[in-house]
Amino acid sequence: MLFQETRDFLAGLGLPKSDSFDLPTSGKTFPDGCHYRLEVPTVNSAEAAKALLETGEDYGVMINRIDETYGTFRHTTRELKEYVAICKDKGVELNLSVGPRATYDTSATRLSSQGVRIGYRLRGMEQVVRAAEEVLHIAELGCRGVLVYDEGLLWVLNEMRKAGKLPKNMHFKTSAHCGHGNPASFKVLEQLGADSINPVR
């Protein structure tokens, strides 16, 4: 195999030596023994969440988690409480998303051809402060899942969780908008506090 020395070094770091071109079957399961979960992204209103979960019940489809991706600061507290209540009633996990902030930023960078690479990442400490406050609000509402778009914010949130500022059972999921798509990047996100990762599409 080409580049064997590098592949062996990567394996020593706990990374795969290559992509799994043979597509092996994973033996890993969730804590209850199930092999997969059904998660539906971009469910961006409490009404949509209710309709989705009721339709899933009608068709006998178990939906395990939904992701709100509109951004919690664009919802009222009443709407967010409704989201949480619907998911709690149906026994479904909920991820609420931080922001978005880059799309509301005063910087014109996001609108440039280079700026599209920023995604929803935060610019400046004031955005970090506001995003952290947003996650504190999410926790106060009883939601324990947060969709995170910025690696620095992920680290801050994990430090807050370790310090007891956020609940220990708070779950941080990195968005595909972060742009990560390989095991080495996933290892870094895990070290920063990610509990689960959406790879780049």
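The values are calculated or read from the model by the stated rules, or taken from the named source; none is laboratory data. As the structure is a computational prediction, the values presented were derived from the model and not from experiment. Positions of Cβ are generated from backbone atoms using ideal geometry, with glycine treated the same way; all protein chains shown enter the neighbour counts. These area figures cover heavy atoms from the full protein model, side chains too; ligands, DNA and RNA do not enter into them. Shrake-Rupley method; radii C 1.70, N 1.55, O 1.52, S 1.80 Å.
State all residues of the stretch 179-201 that are of a type in the set (A, V, I, L, M) and in contact (Cβ under 8 Å) with a residue 60 or more places away in the chain; if no residue qualifies, say none.
Restricting attention to the stretch 179-201, the residues satisfying the condition of being of a type in the set (A, V, I, L, M) are 184, 188-189, 192, 194, 197, 200.
Matches in the stretch 179-201: Ala184 only.
When Val200 is tested against (1) among the β-branched types (Val, Ile, Thr); (2) surrounded by 15 or more Cβ atoms within 10 Å (Cβ to Cβ); (3) modelled with pLDDT under 95, just one condition goes unmet, and that condition is (2). When the stretch 90-113 is filtered for residues that are under 19 Å from Asn169 (Cα atoms) and out of contact with any Phe, Trp or Tyr (no Cβ under 9 Å at 6 or more places or on another chain), the ones remaining, listed by number, are Gly91, Val92, Glu93, Asn95.
Regarding Glu134, is this residue open to solvent by 10 Å² or more (accessible area, probe 1.4 Å), over 20 Å from Arg117 (Cα atoms) and either over 15 Å from the mean Cα position of the chain (by Cα) or in contact (Cβ under 8 Å) with a residue 60 or more places away in the chain (or both)?
Considered against the rule, which asks whether it is open to solvent by 10 Å² or more (accessible area, probe 1.4 Å), over 20 Å from Arg117 (Cα atoms) and either over 15 Å from the mean Cα position of the chain (by Cα) or in contact (Cβ under 8 Å) with a residue 60 or more places away in the chain (or both), Glu134 comes out as yes.
Please determine whether any residue of the stretch 79-92 is assigned to a loop (DSSP other than H, G, I, E, B) and within 17 Å of Arg121 (Cα to Cα). Explain how you work it out, then say what you get.
Filtering the stretch 79-92 for residues assigned to a loop (DSSP other than H, G, I, E, B) gives 91-92.
Remaining after also requiring within 17 Å of Arg121 (Cα to Cα): none.
Taking every residue of the stretch 79-92 in turn, none turns out to be assigned to a loop (DSSP other than H, G, I, E, B) and within 17 Å of Arg121 (Cα to Cα).
Of all residues assigned to the stretch 60-77, at least one qualifies as being out of contact with any Pro (no Cβ under 9 Å at 6 or more places or on another chain), within 22 Å of Glu133 (Cα to Cα) and surrounded by fewer than 12 Cβ atoms within 10 Å (Cβ to Cβ). Number of residues in the stretch 92-132 that are more than 30 Å from Leu53 (Cα to Cα), charged (D, E, K, R) and at pLDDT below 90: the value is 5.
Pairing each residue of the stretch 164-178 that is part of a loop (DSSP other than H, G, I, E, B) with any residue that is at pLDDT below 95, provided the two are 6+ apart or on different chains, yields C-beta distances under 8 Å for Ser175/Thr69; Ser175/Tyr120; Ser175/Tyr149; Ser175/Asn198. Taking the stretch 43-59 as the range and being open to solvent by 70 Å² or more (accessible area, probe 1.4 Å) and not acidic (Asp, Glu) as the test, the residues that pass are Lys50, Tyr59.
In summary, Leu53 fulfils each of the numbered conditions (1) in a helix (DSSP H, G or I); (2) touching a residue at least 60 places away in the same chain (Cβ under 8 Å); (3) among the aliphatic types (A, V, I, L, M) with the single exception of condition (2). Filtered by the rule that a residue be part of a helix (DSSP H, G or I) and either buried (at least 20 other Cβ atoms within 10 Å of the Cβ) or touching a Cys at 6+ places or on another chain (Cβ under 9 Å) (or both), the stretch 140-149 gives no residues. Among the residues of the stretch 104-124, those identified as closer than 24 Å to Ile197 by Cβ and either out of contact with any helix residue (DSSP H, G or I) (no Cβ under 7 Å at 6 or more places or on another chain) or outside any helix (DSSP H, G or I) (or both) are Val116, Arg117, Gly119, Tyr120, Arg121, Leu122, Arg123.
Here are Gly152, Gly193, Gly164: which of them is closer than 24 Å to Tyr70 by Cα, of a type in the set (Gly, Ala, Ser), open to solvent by 30 Å² or more (accessible area, probe 1.4 Å) and modelled with pLDDT of 95 or more? Working first, answer last.
Numbers: Gly193 fails: open to solvent by 30 Å² or more (accessible area, probe 1.4 Å); Gly164 fails: closer than 24 Å to Tyr70 by Cα.
The match here is Gly152.
Going by the conditions given, is Lys187 in contact with a Lys or Arg (Cβ under 9 Å, 6 or more places away or on another chain) and open to solvent by 30 Å² or more (accessible area, probe 1.4 Å)? So Lys187 does not fit the description; no.
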